[in-house]
């Protein structure tokens, strides 16, 4: 195991030690996927992804140009990662699919199974596509979960490695829908 990968794992484990977690499963919240230093894609064209959905249909990121796209990458078994899908689904339901697309990318078989179960049990407005390690590298992801927010022109506006509050995602989406203008927050 490389020194950088070991260091990233110890950071994850250390964070949970500080907040009082004692289970080994809690260390699964973040999952390093790239051994070398990653660079952010912010300000660059989104990768040319063409991924398959749960029904076997190919979906191209280029087909979503003109919409704000939230790509949320996750792996089954990561604490909290699967829990973000219902929250992101609510975001998709709130905005509809005309101007915003929320897309979950299941990065392993467990995530694919969990997404399929969520679709059966609750129904999902957001789309779920299937990814793998190569997709993670193509998107310069340092760990899972991760989120890319892509503007209407197909440029990565924001990249988050690790779990993110859905409220932060929504603020970015609102800003992009307003043409990049500052978003008013309650009380300001």
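So, residue 111, is that one touching a residue at least 40 places away in the same chain (Cβ under 8 Å), touching a helix residue (DSSP H, G or I) at 6+ places or on another chain (Cβ under 8 Å), within 18 Å of residue 51 (Cβ to Cβ) and surrounded by 19 or more Cβ atoms within 10 Å (Cβ to Cβ) or not? Criteria not met by residue 111.
Does residue 116 qualify as being more than 14 Å from the chain's Cα centre (by Cα), in contact (Cβ under 8 Å) with a residue 60 or more places away in the chain and not in a strand (DSSP E or B)? Considered against the rule, which asks whether it is more than 14 Å from the chain's Cα centre (by Cα), in contact (Cβ under 8 Å) with a residue 60 or more places away in the chain and not in a strand (DSSP E or B), residue 116 comes out as yes. Residue 162 meets all of the listed conditions (1) closer than 21 Å to residue 44 by Cα; (2) within 11 Å of the chain's Cα centre (by Cα); (3) touching a residue at least 40 places away in the same chain (Cβ under 8 Å); (4) buried (at least 20 other Cβ atoms within 10 Å of the Cβ) but one, namely (4).
Here 51, 88 are screened, and the one residue that is modelled with pLDDT of 85 or more, surrounded by 12 or more Cβ atoms within 10 Å (Cβ to Cβ) and not in a strand (DSSP E or B) is 88.
The values are calculated or read from the model by the stated rules, or taken from the named source; none is laboratory data. On a predicted model such as this, the values are computed, not experimentally measured, just so you know. When we count neighbours, we look across all protein chains shown, and the Cβ atoms used for this are built from the backbone with ideal geometry, even at glycine.
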